[in-house]
Amino acid sequence: MGVTGSLTPDQLQFFHSQGYLVIESFASEDEIRSLRKRMDELLNQFDCSVSSIFSTKNQKRTTDNYFFESAEKISFFFEEKAFGDDGELKQPKELSINKVGHALHELDPLYKEFTYSSKVSSLVSSLGYRRPVIMQSMYIFKQPGIGGEVVPHQDNSFVYTDPPSCTGLWMALEDSTTVNGCLWAIPGSHKNGLVRRFIRGESGVTFDRPSPSYEQKDFVSIEMKAGSMIAIHGDLIHQSFENLSSKSRHAYSLHVVESDGCKWTEDNWIQREKMPEPLYVP
């Protein structure tokens, strides 16, 4: 199946030189409204007596079976600061969830329809993928007041193929600003290659080496309007700060890899019985 790319030469040049590209008005207001409404429905159905906490500061917390099994499910992860000393939620579950993942794009019809749409396929085709596979999806809430920090990282660390081929697609479902925890990145940092990997072994998951130190002055803020999409090179160093504001920062995120000539490695945290269907085939 031939898929025509949607990016211009100037956009591609920016992506390759800077390691990211923002595409404004990627999703319509109706699409944003539908995705958010559907997430509200999923949250209402969620039994919060089953809980898991997501943290990028304490990765040992992510070694429970609930986390590993989420690769092929729709699973719910709480913010670190969602619980009081008594172990109870300090506020309603709708304001306590960090993210929902990691197979929304496969198991929920609405999210699957958007993920496998021609606009997503055309964007991915522009980036040179021949047989792309979406390995994980996440709905990220960045809750007001407690939305956790995401420390500097590279997507290839977590979603690794040999050779590396990951691209992150991150779509703002609300305006994303420096006030409510927008993305920050070091332009051009993807050219330095992958610095470490997040590896799954018999004792859980761990990084294969310590994180380098980064100077905050090297990061630039990437503010985005609701409906904008950013493509992120798998080796780009990026982060987001805590959301201490009174406004959330919802987003829908995908990670795509190449399945034509790239091998999914057996020490990735994501291990599945069956690979997702490709977005398209050559």
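The values are calculated or read from the model by the stated rules, or taken from the named source; none is laboratory data. Just so it is clear, the structure is predicted and the values come from calculations on it, not from any experiment. For neighbour counting, all protein chains shown are included, and Cβ atoms are generated from backbone atoms with ideal geometry for every residue, glycine included. Calculation scope for accessible area: heavy atoms of the full protein, side chains included, ligands and nucleic acids excluded. Shrake-Rupley method; radii C 1.70, N 1.55, O 1.52, S 1.80 Å.
For region 1-27, which positions are of a type outside the set (A, V, I, L, M), assigned to a loop (DSSP other than H, G, I, E, B) and open to solvent by less than 50 Å² (accessible area, probe 1.4 Å)?
G5, G19, F26 - these are the residues of region 1-27 that are of a type outside the set (A, V, I, L, M), assigned to a loop (DSSP other than H, G, I, E, B) and open to solvent by less than 50 Å² (accessible area, probe 1.4 Å).
Please specify each residue of region 105-130 satisfying the condition of being assigned to a helix (DSSP H, G or I), more than 17 Å from F15 (Cβ to Cβ), touching a strand residue (DSSP E or B) at 6+ places or on another chain (Cβ under 7 Å) and in contact (Cβ under 8 Å) with a residue 60 or more places away in the chain.
H105, Y111, T115
Please enumerate the residues belonging to region 261-282 that are out of contact with any Lys or Arg (no Cβ under 9 Å at 6 or more places or on another chain) and open to solvent by 50 Å² or more (accessible area, probe 1.4 Å).
K263, E273, K274, M275, E277, listed by residue number.
Strands (runs of 3 or more DSSP E) wholly in region 190-282 with at least 1 residues that are at pLDDT below 95 - which ones?
198-201, 204-207
Hey, K57 hits all of (1) at pLDDT below 90; (2) more than 19 Å from the chain's Cα centre (by Cα) but one; which does it fall short on?
Unmet condition: (2).
Would you pick out the residues in region 250-264 that are over 19 Å from A231 (Cα atoms) and under 19 Å from the mean Cα position of the chain (by Cα)?
The one that is over 19 Å from A231 (Cα atoms) and under 19 Å from the mean Cα position of the chain (by Cα): W264.
Looking at the structure I just gave you, is N44 at pLDDT 90 or above, open to solvent by less than 30 Å² (accessible area, probe 1.4 Å) and not in a loop (DSSP other than H, G, I, E, B)?
So N44 does not fit the description; no.
Do any residues in region 153-170 that are farther than 12 Å from E258 by Cα and of a type in the set (S, T, Y) have Cβ atoms under 7 Å from those of residues that are assigned to a strand (DSSP E or B) and open to solvent by less than 10 Å² (accessible area, probe 1.4 Å), where the two are at least six apart or on different chains, and which pairs are they?
These pairs meet every condition: S157/F198.
Can you find a residue in region 133-144 that is crowded, with 22+ Cβ neighbours inside 10 Å and more than 21 Å from R249 (Cα to Cα)?
yes
Return yes or no: is L254 without any contact (Cβ under 8 Å) to a residue 60 or more places away in the chain, within 25 Å of T161 (Cα to Cα) and surrounded by 13 or more Cβ atoms within 10 Å (Cβ to Cβ)?
So L254 does not fit the description; no.
Here is a check on your reading of the model: is Q136 part of a loop (DSSP other than H, G, I, E, B) and not small (G, A, S)?
Answer is no for this residue.
Return the residues of region 139-161 that are under 19 Å from F67 (Cβ atoms) and in a helix (DSSP H, G or I); say none if nothing qualifies.
D155, S157 - these are the residues of region 139-161 that are under 19 Å from F67 (Cβ atoms) and in a helix (DSSP H, G or I).
Okay, residues lined up against (1) among the charged types (D, E, K, R); (2) within 23 Å of G145 (Cα to Cα); (3) open to solvent by less than 70 Å² (accessible area, probe 1.4 Å):
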| site | (1), (2), (3) |
| --- | --- |
| D175 | yes, yes, yes |
| N180 | no, yes, yes |
| L183 | no, yes, yes |
| F198 | no, no, yes |
| S213 | no, no, no |
